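Below is one structure, written out as structure tokens, with a few remarks after it.
The values are calculated or read from the model by the stated rules, or taken from the named source; none is laboratory data. Note that the structure is predicted; figures quoted are calculated from it, not measured. No Cβ is skipped: glycine too gets one built from the backbone with ideal geometry, and neighbour counts run over all protein chains shown.
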């Protein structure tokens, strides 16, 4: 039969040996809890720091991607604007120049743009204006008529607007091409050229 052992203390009383054992156990448990809590805190802090690092990496990647997109967009815009101005210049020279060599060079450049580079960057309204001008140019500017009856949204052209634009001559079609380029840059690129009080022409394909 197990019995509890007792020791005498300094005052002649008895000491319970299990009391010391209980305190040792409590100290060990508290130490273990502190150790576990410290480990959990370290794990939490590591994961929190890791999450912050990942967030910073994602933010940096998004910023870099935006910068690349902005750079590409700027490059495309510069090419688009440059080709637009070249097309408008070529059409105006064809329509107004009396110099055969200059007109021939302008025609060559117009067709280069029409069948090549401009196709990459033009929007629908500029495409339609280029088509109408090229058809008249193919007839050497003689006896031209309007062949396109719908705008960029496939809606019928306004009869009143067509009447105001006048006959389909190279001069008028060149002005319409320039007006469509202006509209394209304003609509697609958000460029505000200001309001024209009495514009010499309009883009019929808006």
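Numerical summary
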quantity	calculated
Residue match in the stretch 71-89 (condition: exposed (fewer than 11 other Cβ atoms within 10 Å of the Cβ), in a helix (DSSP H, G or I) and modelled with pLDDT under 85)	yes
Checklist (1) modelled with pLDDT under 95; (2) more than 29 Å from residue 78 (Cβ to Cβ) applied to residue 144, failing item	(1)
